[in-house]
Amino acid sequence: MSGAPFEGPEKLLEIWFAPSPDAVPDASNPVDGRTGLRKIPSSVWDEMLNIVRCQVLSTITGDEIDAYLLSESSLFVSPHRLILKTCGTTLNLLGLPRILEIAATQANMPSVYRCFYSRKSFMFPERQLGPHRDWAQEVEFLDRIFKNGSAYTIGKVNGDHWLLYITGIFDEPSYSAPSIPPSPNTGDFPDFTIEILMSDISPRIREPFSSYTSPSSETPSAHAAALSTTLGIADIFPSHLTTLDAYSFTPCGYSSNALIKWGDDPSFRLTSSTSEPNGTRHVGEGYYTIHVTPEAGWSYASFECNVPLPTSYTPSSSDSKTMPDLKALVQRVVSIFRPSRLSVTLFISSEDNEVDKDGDDAIEVAQKVFKSALGVPFDEEGEGGVVRKSYRRTDKINYEFEGYDLAFASFEMYNTP
């Protein structure tokens, strides 16, 4: 085990250079199926990541997304959008000026359409470097680059909370004009991101993430792949739709990226039949990413996913061969790690969202889904034997932003009667 504490909670930077893949300047001129940011050589991203102080371990490539597994979390590159998620003491925001320069000079996208930066409250803020020493410094750094940003603290300031910086919509770039008519197999889908941030992981779950030693007959990737299967990570989404890339660290730790071809699943249903102006038109490929810091005292696991699952009360099968709805996804993820505390955030484009039969919009329905999913009792093995437990909600906050809605909820485990 490592002696010094490791900061598991990640810094998450998401930059949009156009409202959709079809709106990048070279959308009608792909090279080997690639347009926009995906045309940029990986060596250029390597150089940017040197500034951030992390490196690429492996890469998987889909039809619409390139997923880079990093020494400290993940990088996802789409034609119109880049997502950089880094943990530890990485200098995430210091990579932003270089990202903007790369997009302008190598992808002909000098304008930012929208930018988001978020993170959970740090466990060890005194160990952070650069602008990440303090939220106010991070906001000041971003304000020097963007003139229409807003910063928010969501949740209890004296407890687990979530920090968000979001820009308004900049004037749509002049190059942002769709030049490819949508094919019959595409449609407009809401921009959707769920994060499940879990602290104080069950001891029985922490141990497997500390089981890889080097040198070993297994590679870090092979060990992580086997671990993903054993713990059920590989079954969060149907395996025939999933390309999983995982890595086990020494002396402990785990990271994985997955690309999900949800558009190939015939049972997939959207929450709304209405096209979303902020949506991303595509054939249906998304990602999820998981990162685990298993050390006792600061154990942490995160799950992030952008597959636009329905926020409805449709019955959920426990069969891993079926595409989950939102409730099933939350249950599948949390049952793997059984944290003592967790927070859930759902960020979804909001314009023209439909309401359910009770008059609730998608975000309020999501809050009900979170509570329903996590309120189911379960048995947990403890020192004194099996104990019946469940989760109770400790915080619930909804926000409305320009073009987006946010649901935030925190939960804690307790012993049921």
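Any residue at all in segment 57-79 that is within 27 Å of ILE169 (Cβ to Cβ), free of Cβ contacts under 8 Å to residues at least 60 places away in the same chain and acidic (Asp, Glu)?
Yes - at least one qualifying residue is present in segment 57-79.
Scan segment 210-235 for residues that are under 22 Å from ASP379 (Cβ atoms) and part of a helix (DSSP H, G or I) and jot them down.
THR230, LEU231, ILE233, ASP235
Return the total of residues in segment 236-268 being outside any loop (DSSP other than H, G, I, E, B) and more than 19 Å from CYS305 (Cβ to Cβ).
Of the residues in that region, 1 qualify.
Output the residues belonging to segment 222-236 that are under 21 Å from the mean Cα position of the chain (by Cα) and either at pLDDT below 95 or surrounded by 15 or more Cβ atoms within 10 Å (Cβ to Cβ) (or both).
Those that are under 21 Å from the mean Cα position of the chain (by Cα) and either at pLDDT below 95 or surrounded by 15 or more Cβ atoms within 10 Å (Cβ to Cβ) (or both): ALA224, ALA225, LEU227, SER228, LEU231, ILE233, ALA234, ASP235, ILE236.
When you check SER216 against the structure, is it of a type outside the set (D, E, K, R), open to solvent by 10 Å² or more (accessible area, probe 1.4 Å) and modelled with pLDDT under 95, yes or no?
Yes, satisfied.
Please enumerate the residues belonging to segment 69-100 that are of a type in the set (Ser, Thr, Tyr) and buried (at least 24 other Cβ atoms within 10 Å of the Cβ).
SER73, SER74, SER78, THR86, THR90
Please specify each residue of segment 101-155 satisfying the condition of being touching a strand residue (DSSP E or B) at 6+ places or on another chain (Cβ under 9 Å) and open to solvent by 30 Å² or more (accessible area, probe 1.4 Å).
MET123, TRP135, ALA136, ASP143, ILE145, LYS147, ASN148, SER150, ALA151, TYR152, THR153
Are any residues in segment 367-394 modelled with pLDDT under 95 and either part of a helix (DSSP H, G or I) or closer than 19 Å to PRO310 by Cβ (or both), and if so, which ones?
Answer for segment 367-394, where residues must be modelled with pLDDT under 95 and either part of a helix (DSSP H, G or I) or closer than 19 Å to PRO310 by Cβ (or both): there is none.
Any idea which of ASP22, ASP26 is farther than 19 Å from SER256 by Cβ, assigned to a helix (DSSP H, G or I), open to solvent by 20 Å² or more (accessible area, probe 1.4 Å) and not polar (S, T, N, Q)?
ASP22
Looking only at residues that are of a type in the set (Lys, Arg) and more than 20 Å from LEU346 (Cα to Cα) in segment 370-417, which one is most open to solvent (accessible area, probe 1.4 Å)?
ARG388
Would you confirm whether or not segment 329-348 contains a residue that is crowded, with 21+ Cβ neighbours inside 10 Å, modelled with pLDDT under 95 and assigned to a loop (DSSP other than H, G, I, E, B)?
No; the residues of segment 329-348 include none that is crowded, with 21+ Cβ neighbours inside 10 Å, modelled with pLDDT under 95 and assigned to a loop (DSSP other than H, G, I, E, B).
What is the number of the single condition among (1) closer than 30 Å to GLU295 by Cβ; (2) of a type in the set (D, E, K, R); (3) without any contact (Cβ under 8 Å) to a residue 12 or more places away in the chain that ASP143 does not meet?
The number of the failed condition is (1).
Can you tell me how many residues in segment 259-280 are in contact with a helix residue (DSSP H, G or I) (Cβ under 6 Å, 6 or more places away or on another chain) and at pLDDT below 75?
2
Among the residues of segment 114-129, which ones are of a type outside the set (Lys, Arg) and modelled with pLDDT under 95?
The answer is SER121, PHE122, MET123, PHE124, PRO125, GLU126, GLN128, LEU129.
The values are calculated or read from the model by the stated rules, or taken from the named source; none is laboratory data. These figures come from a predicted structure and were not determined experimentally. All Cβ positions, even for glycine, are placed from backbone atoms using ideal geometry, and neighbour counts span all protein chains on display. Ligands, DNA and RNA are excluded from the accessible area calculation, which covers all protein heavy atoms including side chains. Shrake-Rupley method; radii C 1.70, N 1.55, O 1.52, S 1.80 Å.
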